[in-house]
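Heads up: the structure comes next, in structure tokens.
The values are calculated or read from the model by the stated rules, or taken from the named source; none is laboratory data. Computed from a predicted structure; not experimentally measured. In this analysis, Cβ positions are derived from the backbone assuming ideal geometry, glycine residues included, and neighbour counts consider all displayed protein chains. Note: areas computed on protein heavy atoms with side chains; ligands, DNA, RNA excluded. Shrake-Rupley method; radii C 1.70, N 1.55, O 1.52, S 1.80 Å.
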Amino acid sequence: MYSSLAKEISILTNNDKLSSEFHICEVGYEKCRSTKPTEYAPINYWVLHYCVAGEGFFSTPFFPERKITAGDFFIIPSNCKNVYYPNRDNPWQYRWVGFSGDLAADYFSKLKLDKHNCVIGNAFDHRIDVLFQDIYDEFKRDNLFRTIASSFNLFDTIDQINLKTNHLSQSENLFKTILNYIDDNMSENLSVNQISKFSNIDRTYLYKLFQSYKGIGPSEYIQELKLQKACSLLRKSSLSITEIAYETGFSSSSYFSKFFNAKLGVSPSNYRKQFIIN
């Protein structure tokens with residue numbers, strides 16, 4: 001579908017500012033290969049990414065690691081350290097546009113994007129890919145006014161996505177509250193009964209919500225969340241295996257190791273070794 005990504009990577013830059021208030025300084029795209037996580041130094045402009053295929057991971061010191069999938073936007077705030085990398089088994093492809101100027105932060109704030117809120121999810125639409133392509137094409141032709149116009153078309157599309165998100169149904173709001181509760185209590189070894197009690201619904205309806213919005217049951221979701229958090233801590237923290245086990249809600253390190261090995265086919269310690277640079 002994304003035949004417009006003609007090469008594996010393309011980066012175009014322009015430091016000849018049309019305005020000090022708002023300027024598109026960089027555009028590009030990349031079909032990524034599997035790489036180890038890398039921490040990138042802060043840059044003095046904002047970069048808006050759109051994942052068009054595959055999966056990856058993104059985090060900053062102010063924003064915990066988040067899995068990014070096709071249809072997700074993520075933003076690198078100006079002057080902010082960041083880590084992002086492709087999923088090894090399904091590397092992502094993404095487009096990006098870099099914005100500088102005094103008004104850039106204000107514009108992104110109006111789109112509900114800042115250093116504490118870096119992702120807009122579930123916006124998959126081929127028309128968004130076309131908008132990024134328009135920005136890229138006009139930038140390449142050095143049509144600065146059209147580049148800015150295309151950028152504002154993209155901003156308007158994101159704004160409309162936010163408006164739709166703000167009009168969630170009652171069940172969607174309830175499910176979002178449940179997911180936040182699980183995230184906040186991950187280390188407590190949550191049970192389905194505890195979640196049902198918290199949300200004041202019976203187990204049957206809880207299962208129905210998870211099947212509707214996630215396609216799996218609550219227990220499976222919690223297991224996947226534990227696994228993601230454990231992988232992140234093994235890659236990025238100096239916590240011991242036992243400490244990570246308790247941090248992710250396991251009753252013992254031996255049970256954690258058994259669970260981890262069953263899911264990924266490798267022990268926690270050997271998984272960690274893959275990310276240690278000698």
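In table form, for the structure just shown:
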{"read-out": "Those residues of the range 251-278 which are among the aromatic types (F, W, Y) and at pLDDT below 90, in sequence order", "value": "F275"}
{"read-out": "Filter pass, D156 being out of contact with any strand residue (DSSP E or B) (no Cβ under 7 Å at 6 or more places or on another chain), of a type in the set (D, E), outside any loop (DSSP other than H, G, I, E, B) and at pLDDT below 90", "value": "no"}
{"read-out": "Pairs, first closer than 12 Å to F250 by Cα and touching a residue at least 24 places away in the same chain (Cβ under 8 Å) in the range 182-195, second part of a loop (DSSP other than H, G, I, E, B) and open to solvent by 20 Å² or more (accessible area, probe 1.4 Å), C-beta under 7 Å, six or more apart", "value": "N189/S251"}
{"read-out": "Of all residues making up the range 65-99, the number that are open to solvent by 40 Å² or more (accessible area, probe 1.4 Å), among the charged types (D, E, K, R) and under 11 Å from the mean Cα position of the chain (by Cα)", "value": "3"}
{"read-out": "G265 at positive phi and open to solvent by less than 50 Å² (accessible area, probe 1.4 Å)", "value": "no"}
{"read-out": "So I276, is it under 20 Å from K67 (Cα atoms), assigned to a loop (DSSP other than H, G, I, E, B) and free of Cβ contacts under 8 Å to residues at least 24 places away in the same chain", "value": "no"}
{"read-out": "Residue that is farthest from the chain's Cα centre (by Cα), among those in the range 184-218 that are open to solvent by 50 Å² or more (accessible area, probe 1.4 Å) and of a type in the set (S, T, Y)", "value": "T204"}
{"read-out": "Subset of the range 243-256 (residues that are over 14 Å from Q228 (Cα atoms) and either in contact with a Cys (Cβ under 9 Å, 6 or more places away or on another chain) or in contact (Cβ under 8 Å) with a residue 12 or more places away in the chain (or both))", "value": "Y246, S251, S253"}
{"read-out": "T38 being out of contact with any Asp or Glu (no Cβ under 6 Å at 6 or more places or on another chain), modelled with pLDDT of 90 or more and of a type in the set (V, I, T)", "value": "no"}
{"read-out": "Verdict on F132 being closer than 17 Å to V47 by Cβ and touching a helix residue (DSSP H, G or I) at 6+ places or on another chain (Cβ under 9 Å)", "value": "yes"}
{"read-out": "E26 vs. criteria among the acidic types (D, E) and more than 14 Å from Q93 (Cβ to Cβ)", "value": "yes"}
{"read-out": "Residue in the range 164-179 that is open to solvent by less than 80 Å² (accessible area, probe 1.4 Å), more than 30 Å from N15 (Cβ to Cβ), modelled with pLDDT under 90 and in a loop (DSSP other than H, G, I, E, B) present", "value": "yes"}
{"read-out": "Selection count, the range 14-67, where residues are within 23 Å of D102 (Cα to Cα) and among the charged types (D, E, K, R)", "value": "4"}
